[in-house]
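Here the structure comes first, spelled out in structure tokens, and everything after it is commentary.
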Amino acid sequence: METALWVLAVILIVVGIAGTVLPALPGAILVFAGVALGAWIDGFARISGWTVGVLAVLTIAAWLIDYVV
């Protein structure tokens, strides 16, 4: 089960990176979802809660800028 979650996290990040170029995909949100999932799977050992929090703020900022533009 853990392997499937890691695969899902990697897929979310890769699709999110593609979403930075393709306008139909929400790139920043998908990358954040993959990173947050990876941090959660690992028990926040490699990626701390603070890092996820900062990434959440940056993701919201990117989404707002994209929405306004």
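The values are calculated or read from the model by the stated rules, or taken from the named source; none is laboratory data. All of these numbers come straight from a predicted model, not from anything done at the bench. When we count neighbours, we look across all protein chains shown, and the Cβ atoms used for this are built from the backbone with ideal geometry, even at glycine. Accessible surface is based on the protein model in full, side chains and every heavy atom, while ligands, DNA and RNA are left aside. Shrake-Rupley method; radii C 1.70, N 1.55, O 1.52, S 1.80 Å.
Points worth noting:
- Segment 44-56, residues that are out of contact with any helix residue (DSSP H, G or I) (no Cβ under 9 Å at 6 or more places or on another chain) and surrounded by fewer than 10 Cβ atoms within 10 Å (Cβ to Cβ): Trp50
- Which numbered condition Val15 misses (of (1) farther than 22 Å from Tyr67 by Cα; (2) open to solvent by 40 Å² or more (accessible area, probe 1.4 Å); (3) touching a helix residue (DSSP H, G or I) at 6+ places or on another chain (Cβ under 8 Å)): (1)
- Segments classed as helices (runs of 4 or more DSSP H), wholly inside the chain, with at least 3 members that are aromatic (Phe, Trp, Tyr): 49-68
- Any hit, segment 7-21, residues being among the hydroxyl-bearing types (Ser, Thr, Tyr), modelled with pLDDT under 95 and over 14 Å from the mean Cα position of the chain (by Cα): no
- Residue selected from segment 29-42 under the condition out of contact with any Leu (no Cβ under 8 Å at 6 or more places or on another chain) and open to solvent by 30 Å² or more (accessible area, probe 1.4 Å), by the criterion nearest to Thr3 (Cα to Cα): Asp42
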